[in-house]
Amino acid sequence: MSAARANPVAFVFRRLWRVAGIVVIFSVVGPLTVAALVSVMVTTLGAAVLQMFLLDLEALRTLVSIAIVLLAIATILASFLPAVAAGLIFALAAVYADLNMIWMAWLAAAVAGAGFVGFGMFVVPSETSAVILPSVRSAPEALKLSAMLAIVAVIPASLCWWLAKPLHRVILPA
């Protein structure tokens, strides 16, 4: 007798806990990884630009450090909801449809990013709102931004997929 037939309630809750675990991994690790990537890119490119203008990096160290920390915090806040959406998409596909390959994590991250870019085309939050959405004016601009976000999301989605492996690769007894 299969585990699903022996105790169907436990089977359903086991699947729900696996989905919740995958979503938590994506919603914590995803924004932290995106923030780290953005911080490294800004630091690397920013140092080169500052040196190009012959500015003394030692004199600007405190100001640049504060700016990078604030950028990392803003990046974490901005990428939290797309990471939750990507985690939910991947978790549902992995647990219920058994599509748990790495390309599915990449596709989930790309769809979540494109969804938030598309959402930003139609919804303009008020100035006092805490919602962070991109302001996109046209479809070609939305496609470019979605493609750029999908490229940036490959590394965080891969890391989340790897960390969530024990949850989406659970083999249940027959």
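Rounded to the nearest 10 degrees, the inclination of helix 61-96 to the longest alpha-carbon principal axis of the chain is 20 degrees. With contacts taken as Cα pairs under 8 Å and at least 6 residues apart, the chain reaches a relative contact order of 32 percent. The Cα atoms of the chain cover 74, 36, 29 Å along the three principal axes, with the biggest extent listed first.
Give the longest segment of the chain that steers clear of trypsin sites (Lys or Arg not before Pro) in DSSP loops with at most 15 neighbouring Cβ atoms within 10 Å, not counting the sites themselves. Provide the component values of the computation, followed by the final result.
Details: sites that count: 137, 169.
Within the chain, the longest run free of exposed trypsin sites (Lys or Arg not before Pro) spans 1-136.
Just so you know, the Rg over Rh for segment 76-160 is 1.01, from Cα atoms, with Rh as the Kirkwood radius.
The slack between residue 135 and residue 7, meaning 0.36 nm per residue of separation minus the straight C-alpha distance, is 41.2 nm.
Taken over the C-alpha atoms, segment 13-77 has Rg and Dmax values of 17.5, 61 angstrom. Taking Cα centre as origin and charging only the Cβ of basic (Lys, Arg, +1) and acidic (Asp, Glu, -1) residues, the dipole magnitude of segment 3-168 rounds to 680 debye.
Highest GNM mean-square fluctuation among 157, 78, 59, for the chain modelled with Cα contacts below 10 Å: 59. Expressed as an acute angle from 0 to 90° and rounded to the nearest 10, what is the orientation of the C-alpha long axis of helix 139-152 relative to the principal long axis of the chain? Rounded to the nearest ten degrees, it is 80.
Only the coordinates and a few stated rules stand behind these numbers; no lab work does. Just so you know, these numbers come straight off a predicted model, no measurement behind them. Ideal geometry is used to build each Cβ from the backbone, glycine not excepted, and the neighbour counts take in all protein chains shown.
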